[in-house]
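Below: the structure, in structure tokens.
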């Protein structure tokens, strides 16, 4: 099965019409050569850009020498209105301090501890769903936002709150893609930046109110008794001077966690449901695995790692549709990469989207084949060619969280419903801050008879 993919551009030079397309989706800039080259480059008015598809250099940039390749400043410009100063965009000592605080917070709210919160959110999701057509993007954004919201604040996210945040972030993504692109061309943003800021303020203001409530009512010593991520953040102390995060610093971290913790998962899970709806035999196989692991009882935290086929599905969907399609880095010195002269300040793009579909590293790279990652999987890709959560010290802190969440959401849905293709056109893949379907995804839910085991 070859699921939806953007057709590579046949134009080596974009031209005015091409630039307009790229302002809508950066995937429209890729050519067939992009999926076969080891290194490419293009020049923009604001910078020189190198695309790195060599797994050895990917590991060098992200794992062995990350200090020489910090996050690019344009990443901060794209996300700062939403997440302020947080590890997704910071570098150096500031990043090290923030990451250490987050490590403490995640240790405090460890996976086993938040598992019941995830289960409760999944139960509420099932209560909202009805047979018939499902707006997949909206449903997955609601449940993933609810899960991360509960694990941060120990309270559920209401439906009207989720809808307002989803709408604001969807608009923010579209505007941010255009604002950043115009900056790269050294063109005026034409008021788009102010409009983007207003949508960011909806999300950030909502979370700021919740963070302020905790700072106003509980001292850090009291937070040490709590089980959620905000309690862990407020309890965390700098190893050097014993300081704690201020309210603004805590808000920045919470905004980042909320954004990364729901939007990326919602993107991946939406594509999971689309592909499952196209593959009824795979649904049966996953139900049989769930039944074999649980014995018909409720899934336990210790059981999640035994769902090998479900994890294989999720890993393959992350390969085909990595939520974050590129990682921008900045060269700090003049040097050579694969014979090309890279100058200080040049941008380096490590692109999971290209690496995951690269003709040299994968057999049938555009095909949907969860067997690559299942028991006895046949994938022989090099390490640096698969990185949905990044690599090295800056790898996603929530990778385990996302995989546990995906198992619960997908498994619980499959026990309750059969998934069938929905009405409407085939999804069109677009690349913005995350990889989404331009007009959404729809599937049809058909109830399964109560008490019917999988298989």
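Coordinate-derived values only; no laboratory data. Keep in mind that what you see is a predicted model, and the values were worked out from it rather than measured. Please note: Cβ atoms are built from the backbone with ideal geometry, for glycine as well, and neighbour counts cover all protein chains shown.
Some observations on this one:
- Extents of segment 1-153, taken as max minus min of Cα coordinates on every principal axis and listed largest first, are 51, 49, 31 Å.
- Over the Cα atoms of segment 96-224, the radius of gyration divided by the Kirkwood radius equals 1.04; this is the Rg/Rh ratio.
- Per-peptide average of other Cβ atoms within 10 Å, ordering 203-214, 168-179 highest first: 168-179, 203-214
- Ratio Rg/Rh [Cα only; Rh per Kirkwood] for segment 172-220: 1.26
- Sites residue 129 and residue 306 - FRET efficiency at Förster radius 25 Å, r taken between beta-carbons, to 0.05: 0.45
- Over all directions, the projected convex hull of the C-alpha atoms in segment 236-333 averages 10.8 nm² in area.
- Summarising the strand pairing of the chain, around 85 percent of its internal DSSP beta bridges are antiparallel.
- With the simple model of a label 7 Å out from the Cα in the direction of the Cβ, residue 423 to residue 395 spans 4.5 nm.
- Enclosing the Cα atoms of segment 278-359 in their convex hull gives a volume equal to 150 cubic angstrom per residue.
- Placing a label point 7 Å from the Cα of residue 80 along the Cα-to-Cβ direction, the residues of segment 95-117 with a backbone N closer than 17 Å are 95.
- Two-site FRET efficiency, residue 186 against residue 284, from Cβ-Cβ distance with R₀ of 56 Å, rounded to 0.05: 0.55
- Under the criterion of Cα pairs below 8 Å and six or more residues apart, the relative contact order for segment 15-447 equals 26 percent.
- Potential lengthening between residue 241 and residue 334 on full extension [0.36 nm per residue; Cα-Cα distance subtracted]: 29.9 nm
- You can think of it this way: the chain between residue 104 and residue 360 has 88.2 nm of extra reach, that is 0.36 nm per residue less the Cα-Cα gap.
- Dimensions in Å of segment 15-447 - Rg and Dmax from alpha carbons: 21.4, 61
- Fully extended contour minus Cα-Cα distance, from residue 32 to residue 7, at 0.36 nm per residue: 8.2 nm
- By average C-beta atoms within 10 angstrom, highest first, the peptides 420-431, 283-294: 283-294, 420-431
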